[in-house]
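Q: Dropping the structure in here first, questions after.
The values are calculated or read from the model by the stated rules, or taken from the named source; none is laboratory data. Owing to the predicted nature of the structure, the values given are computational and were not obtained by experimental measurement. No Cβ is skipped: glycine too gets one built from the backbone with ideal geometry, and neighbour counts run over all protein chains shown. Note: accessible area is taken over every heavy atom of the protein model, side chains too, but ligands, DNA and RNA are not part of it. Shrake-Rupley method; radii C 1.70, N 1.55, O 1.52, S 1.80 Å.
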Amino acid sequence: MFDFLQQSIPLTDWIDTGVDWLTEHWSGFFSFLQTVGQAVMDFMTNTLSAVPPLLLMVLIAIAAYFIFHRKWWIPIITLLGLLLIYNQEMWADLMNTITLVVISSLIAVVIGVPLGILMSKSETAQSIVTPILDVMQTMPGFVYLIPAVAFFGVGMVPGVFASVIFSLPPTVRMTNFGIRQISTELVEASESFGGTPWQRLFKLDLPLAKGNIFAGINQTIMLTLSMVVIASMIGTPGLGQGVLAAVQRSDVGNGFVYGVGIVILAIIMDRFTQAMNRPVEQTQARISKKKKTIVGGAIAVVVVFFATIGVYSSINQSNQGTITLAYAQQDDQVVSTNVISQVLEEQGYNVNMTSLDIPVVWEAVANGQADAMTGAWLPITHQAQYEEFKNDVDDLGPHIDKQAKLGLVVPSYMDVDSIEDLDDQANREITGIEPGAGIVQATDETLEAYPNLSDWEQIISSTGAMNAQLERAINDNDEIVVEGWNPYWIFQRYDLKYLDDPKGTMGEAESIHTMTRLGFEDDMPGAYRILDNFKWDVDDMESIMLDIEDGKDPEDAASDWIDENRDKVDSWVE
């Protein structure tokens with residue numbers, strides 16, 4: 001018995017084996033779902049984006065006016081909220097977020113309501129489904145990103161997959177609860193008058209359980225919105241990417257603004273779904289048949305008009321050369337990706353920039369979900385990712401050659417010059433960044449290699465959190481040891497120094513490479529040539545970083561640098 005308790009059950013291996021089996025044997029099915037799902041979502045996003053923003057705001061406000069029975073305050077608040085989102089240049093992100101929420105919620109309702117009905121009719125089904133719902137609802141949302149990426153890659157489709165799993169339980173539970181709470185007297189009366197099971201379902205169960213069902217749908221929509229930020233980690237576009245970027249860069253202002261955008265959308269969708277759940281007694285007098293016909297016809301015309309716009313936009317987009325660049329929310333990758341994106345757009349390409357976590361960036365390029373990336377630190381920082389995916393990517397070589405450096409960094413006022421000098425400074429803690437970064441692994445190796453660091457600990461957080469801790473420590477003249485690298489703006493703002501690394505565990509000077517997916521050269525030789533010619537210096541990159549740190553938008557900072565360095569840019573496009 002004790003031997004059994006001391007041996008770990010290989011749950012991890014079982015789960016990995018199951019996922020591998022599914023991805024291998026069901027890859028065609030998942031690919032089909034990914035293709036169809038992406039087409040549907042692109043169509044919806046293109047339709048929404050093709051409508052002039054002000055016109056769409058007015059239409060939503062008019063809809064709110066009639067839904068809320070000619071009460072003006074809700075339409076006005078809706079219009080003002082949408083105007084604020086538009087003013088803050090978040091409209092395109094809002095359209096993507098609406099697509100994610102609407103599609104995810106519809107799928108959850110289509111699955112959840114029938115499943116709730118089944119549970120209400122069968123004790124066996126309820127006993128089986130209830131613990132599954134418990135797991136789905138209590139499992140951290142981040143966990144769902146792992147199979148989502150394995151099955152569908154990156155983008156909107158895996159975001160919908162993860163959102164549906166996370167948001168499904170309330171609709172199922174409330175449908176089951178609503179039907180089960182119907183009084184037995186009504187059920188017996190229905191049966192005594194010869195009502196069939198289908199008649200009972202549609203004329204008794206669902207009408208009387210309507211309030212509970214819509215309450216569950218409302219909660220499903222709210223949970224889907226809560227997944228917006230989490231799903232952005234696997235490249236799902238929308239407002240969540242703005243929040244994620246702000247968190248990783250410790251940008252309080254932008255994070256708050258994008259958060260307000262999500263709150264505005266949540267309030268609008270919450271009020272609309274609550275209005276749909278209003279009891280019939282509270283509605284106005286019935287509209288005449290003629291008015292119903294007129295309203296129905298007008299709605300049909302608007303739907304056909306928007307659908308035509310969506311089809312036209314989709315066709316237009318499919319005829320353009322589109323390139324997807326994957327990047328992580330780290331300053332060097334933000335800078336290089338913005339610069340090369342604008343250069344490619346100048347040459348007539350349509351470029352999509354997809355923000356992902358570092359390991360997912362590599363996976364996206366390797367499996368063809370993204371066309372290229374410009375942030376591969378080699379040979380040390382991204383060694384693990386390179387070893388895993390080197391046969392599935394095309395290495396175009398460095399755009400910054402042997403000028404990148406990483407190591408342990410301290411403020412210059414600290415009386416240490418080498419890793420070997422560290423003793424009990426900074427509470428014996430090294431403040432790190434994201435767990436997927438190669439520098440984190442290098443720091444672990446450093447802790448093992450240096451005897452004086454045997455009782456030290458690496459505190460893994462995020463780049464933004466590390467920056468905030470560094471600023472706080474310097475302002476208070478406190479001791480701190482952080483993970484640092486060049487190129488990075490902190491060396492322009494603060495007086496810092498690298499600690500000597502006699503054992504070389506943090507690595508030597510590195511290069512930053514450009515990687516493309518296999519086959520990209522054949523598909524887009526012109527773009528491939530530009531990426532292959534892309535070469536510049538650390539000073540170029542750090543000058544843009546400094547502009548961004550001083551408050552300039554990354555896109556504007558990249559554009560200004562391109563204008564000021566036209567000769568260098570022209571050499572890339574020759």
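Q: Counting helices only, and only those DSSP H runs with n ≥ 4, report the 222 nm mean residue ellipticity of the chain as the sum of -39,500 (n - 2.57) divided by its residues, in deg cm²/dmol to the nearest 500. Intermediate values should be presented prior to the final figure.
A: Working: 26 runs with 362 residues, N = 574.
It lands at -20500 deg cm²/dmol.
Q: Then there is this: If K535, K71 are ordered by their accessible area, calculated over protein heavy atoms with a 1.4 Å probe, which sequence runs from highest to lowest?
A: Working: K535 90, K71 115 Å².
My answer, sorted largest first, is K71, K535.
Q: By how many degrees, 0 to 90 and rounded to 10, does the Cα axis of helix 331-346 deviate from the longest principal axis of the chain?
A: 70 degrees
Q: I would also like to ask the following. Hey, what angle do you get for helix 53-67 against the long axis of the chain, alpha-carbon based, 0 to 90 degrees rounded to 10?
A: Compared with the principal axis, the helix lies near 30 degrees.
Q: Mind giving me the FRET efficiency for Q347 and V263? R0 is 41 Å, r the Cβ-Cβ distance, nearest 0.05 is fine. The partial results should precede the final answer.
A: On the way: r = 39 Å, r/R0 = 0.96.
With a Förster radius of 41 Å, E is 0.55.
Q: Roughly what would the spin-label model give for D532 and N475, points 7 Å off Cα along C-beta, in nm?
A: Taking the two extended label points, one gets 5.0 nm.
Q: Starting from 0.36 nm per residue, how many nanometres of slack lie between I459 and S511 once their C-alpha separation is accounted for? Walk me through the numbers on the way to the answer.
A: Numbers: separation 52, 0.36 × 52 = 18.72 nm, distance 2.62 nm.
Once the chain is fully extended between I459 and S511, it gains 16.1 nm.
Q: What is the Å³ per residue value for the convex hull set by the Cα atoms of the range 200-273? Display every interim value, and only then the final one.
A: Numbers: hull volume 6.5 nm³, N = 74.
Hull volume normalised by residue count: 88 Å³.
Q: In addition: In terms of the ratio Rg/(2.2 N^0.38 Å) built on C-alpha atoms, what value belongs to the range 486-574? Numbers along the way, then the final one.
A: Working: Rg = 16.7 Å, N = 89, 2.2 N^0.38 = 12.1 Å.
My calculation over the Cα atoms of the range 486-574 gives 1.38.
Q: Related question: Run the simple label-point estimate for A63 and E123 please: 7 Å along Cα→C-beta, distance reported in nm.
A: Using points 7 Å along Cα→Cβ, the separation is 4.4 nm.
Q: Kindly sort H25, H382 by accessible area of their heavy atoms, largest first, with the probe set to 1.4 Å.
A: Working: H25 110, H382 5 Å².
Heavy-atom accessible area, descending, gives H25, H382.
Q: Give the angle, between 0 and 90 degrees and rounded to the nearest 10, that separates the Cα long axis of helix 463-475 from the longest principal axis of the Cα atoms of the chain.
A: Its long axis makes an angle of about 60 degrees.
Q: Step through the table entries K405/K552; K497/K535; K497/K552; K497/K568; K405/K535, compare each Cα-Cα distance with 21 Å, and write down the pairs that go over it.
A: On the way: K405/K552 25 Å; K497/K535 27 Å; K497/K552 27 Å; K497/K568 31 Å; K405/K535 17 Å.
From the list (K405/K552; K497/K535; K497/K552; K497/K568; K405/K535), the Cα-Cα distance tops 21 Å for K405/K552; K497/K535; K497/K552; K497/K568.
Q: How would you rank 504-510, 445-451, highest first, on the average number of other Cβ atoms within 10 Å across their residues?
A: Working: 504-510: 17.4, 445-451: 15.3.
Ranking, from highest mean packing down: 504-510, 445-451.
Q: Next question. Show the residues, 5+ positions off or on another chain, whose built amide H is closer than 5 Å to the amide H of V351.
A: I323
Q: A further question follows. Using θ = phi - 60° and the Karplus relation 6.51 cos²θ - 1.76 cosθ + 1.60, list the HN-Hα couplings for the range 138-147 in order, rounded to whole Hz, with x at every Gly or Pro.
A: So the J values, rounded to whole Hz, are 9, 5, x, x, 4, 4, 5, 5, 5, x.
Q: Okay, next question. Hey, any idea what Rg/Rh is for the range 25-86, computing Rh the Kirkwood way over Cα pairs? Walk me through the numbers on the way to the answer.
A: Numbers: Rg = 17.6 Å, Rh = 13.9 Å.
Rg/Rh: 1.26.
Q: Next up: Each label point is 7 Å from the Cα along the Cα-to-Cβ direction; what then is the distance between the points at W26 and T196, in nm?
A: It works out to 3.4 nm between the two label points.
Q: Let's test the formula: R0 of 51 Å, r as the Cβ-Cβ distance of F256 and Q7. What FRET efficiency results, to the nearest 0.05? Please list the in-between numbers first.
A: On the way: r = 49 Å, r/R0 = 0.96.
That gives a FRET efficiency of 0.55.
Q: Shifting gears a bit: Quick one: compute a quarter of the convex hull surface over the Cα atoms of the range 39-133 and quote it in nm².
A: Details: hull surface 35.4 nm².
So the mean shadow area of the Cα hull is 8.8 nm².
Q: Solvent-accessible area per residue for the chain at a 1.4 Å probe radius, Å²?
A: I get 49 Å² per residue for the chain.
Q: Let me ask something else about it. If you roll a 1.4 angstrom probe over the protein chains with everything in place, what fraction of the accessible area of the chain belongs to carbon and sulfur, to the nearest %? It would help to have the intermediate numbers written out before the result.
A: Details: 16480 of 28330 Å².
After summing per-atom areas, the C and S share lands at 58 percent.
Q: Multiplying the sequence separation of Y413 and A39 by 0.36 nm and subtracting their Cα-Cα distance, what value in nm do you get? Provide the component values of the computation, followed by the final result.
A: Details: separation 374, 0.36 × 374 = 134.64 nm, distance 5.67 nm.
Full-extension gain reported as 129.0 nm.
Q: Shifting gears a bit: Mind listing P(r) for the range 385-498? All alpha-carbon pairs, 5 Å bins, whole percents.
A: Going from the shortest bin to the longest, the percentages are 2, 10, 20, 23, 19, 12, 7, 5, 2, 0.
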